[in-house]
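Just so you know, all these numbers are worked out from the coordinates, no wet-lab data involved. All values reported here derive from a predicted model rather than from experimental measurement. Heads up, the Cβs are rebuilt from the backbone with ideal geometry, glycines too, and the neighbour counts pull from every protein chain shown.
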Amino acid sequence: MKKLRLSLLSALWLLFGLALGGAADTPPPPAPAPASAESPAPALPPTKDEAAAVDEGEAAPAAEAAPAEAPAPRPKPGKLHRTRDHGRQRHSGSERVSVFDNSTLAAGEKADVVVSVFGSSTSAGEVGDAVVSVFGSSTSSGQVGDAVVSVLGHTRVTGGSVGDAAVSVLGNTYVNGHVGGEVVAVLGDIELGPDAVVEGNLVCIGGSVQRAPTAVVRGEVQRIALGGHGFDFTGLHTWFNECLLYGRPLAFDVHLVWAWCIAFAFLGLYALVALIAPGGVAKCVQTLEERPGRSLLAALLAMLLTPVAFLLLLLTLAIGIGIVLIPLFALGLFFAGLFGKVVMLAWLGRRLTKLFGDGPLAQPFFSVLVGGAIMLLLYTVPVLGFVVYKLIGVLGLGVVVYTLLLSYQSSRPPAPAKPLTPPAPPVPPVLGVAAGAAVPADGSAAAATAAPSVAAAAGAAPGWQPPVILSAATLPRAGFWRRLGATLLDLVLVGMVFGMLDGIFNWFHFGGSFPFWFAVYHVVMWTTKGTTVGGVVCGLRLVRLDDRPLDWGVSVIRALTAFLSLAVAGLGFIWVAFDDDKQSWHDKVAGTVLVIVPKGTPLL
């Protein structure tokens, strides 16, 4: 088994080297020195007749000229000659390597290796090292110096000789020639033909062994059965060849009945879930139909934040909480993903069932069945099958999470109503009012006459209006997309300015420090102008919730906590899209909010 392990490792190392271009780094073999009178060719070892002649005292002249050291043994028939340092013969410039194609070596040709990735390798010539196939089958009918290996394919030695081993992983191994080492099949069968000669052991894991009566095995036969019985892995091999290599979960093949049975079993489970909880399925479908953009955003966030959540839970293992939270979180994700697939099938089936009105076919149960039938057909399309499979899982999980979030927000008590108009300013004394004139208690008449009188006294033109009060309580708050647009404009502007300065004066090498200078730009603009250049274009202004003026401390705190919002996959920024107050995480820490100012209001 030691030779077997070495052969497997050498085959894997060969694949790794070829993938990295290491095969091209192999130095060519030194050219043989030309024969001359000064450098005679080495003498061949004596034949049986010559040896007999030596024993009788009739030494041949060639034997007298032979060197004193012991001659090298003759190579065995059917095997490649190996050099004295146990290295294999190299054939200069002969490597047959193919990716997504088959590799073939015809009879009479020579090569160092014959390798195919996502294809099959066939050799009828002389191979110095190995014949290897990954996601394919390897066939040899000539001479191979090392091994014939197939990963996710079948190995066939139909003649000639193999210096070491014949191995197949998730495939069958057939030998009808000479193998100098072991014959191995992992999760496959071994079959020996009438001309098979195996010098090592037969190792069969999870399969059966068949031998012709004239086959010779000089080692042991080691058969490791799974579950006490040999299993037929033909269906699994077919799935690898017909489904996995084509990027689809299902295909139409007689050996894939088991895969279709599993698919129909899951479809029945999805229909059962829709029958048990039709209200929840309908509510999630409604969320997807009414808010497709936010549902897609929630799916993206769920996909990005799931690894982060697991990492944070792993950090709680030190205090013992993670031992309970991690399994519960994983179980919750599993059931949410399962329910999400039910929702996606119901949404897809609803595209057809709604054509029949609000009758019995409008129930989620029938929608899931119709959507499941459509999805099974999509699973058979190459490449698109796996894309659709992953897409409905991710999008379904996001829709379920977003629906739960909306349900939680609707269950919260409503916030107190905020005043829509600012309080009326105090009315200044009005000049020219007759003494003893009656003034209403609410001051409405005085307010009506005060504004024109004050404006006239100040020299303002007719039609003058009081300035707009920039307050968090009176102006609408900016949403996610408007804020994102302003940030992108600032990013382009600052990047152009710093790039020009770097190109002209070579002052700034800000490749790694650009986030710091970008934050400094925001701090200065917030404190001095209350907005940025991008904010001016988008009509945004940063204000405090208590309407006090911005100072350096608030601006610095908001800028620093913005890095924390960015560190968690940008969730602190995206939180604006889900928050009722339209605040990001750094807004909540600093007590600020971005408001939309009316058109025509000066910002700088």
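Could you grab the Rg to Rh ratio for the range 342-396? Cα atoms only, Kirkwood for Rh.
Using Cα coordinates only, the ratio equals 1.03.
May I ask for the net charge around residue 176, where only other residues with Cβ less than 9 Å from the Cβ of residue 176 are counted and Lys, Arg are +1 while Asp, Glu are -1?
Net of charged neighbours comes to -1.
Ranking request for peptides 513-524, 257-268, 358-369: highest mean number of other beta-carbon atoms within 10 Å first, then the rest in descending order.
358-369, 513-524, 257-268
Cβ neighbours within 10 Å, averaged per peptide: list 159-166, 282-289 in order, most packed at the top.
159-166, 282-289
Which percent of the Cα-Cα distances in the range 212-308 go past 23 Å?
64
Looking only at the range 282-297, which residues have a backbone nitrogen under 19 Å from a spot 7 Å from the Cα of residue 358 in the C-beta direction?
It comes to 282-287, 289-290, nothing else.
Taking amide H positions as placed 1.01 Å from N in the peptide plane, with prolines and chain starts having none, which residues 5 or more places from residue 99, or on another chain, fall under 5 Å of its amide H?
117
Between residue 290 and residue 580, with labels modelled 7 Å along Cα→Cβ, what's the label distance in nm to one decimal, could you check?
Computed distance between label sites residue 290 and residue 580 equals 1.7 nm.
In terms of modelled amide H atoms, which long-range or inter-chain residues lie less than 5 Å from the amide H of residue 104?
122
Where does each of 239-245, 202-208, 564-570, 341-347 land if you order them by average Cβ count within 10 Å, highest first?
Packing order, densest peptide first, comes out as 341-347, 202-208, 239-245, 564-570.
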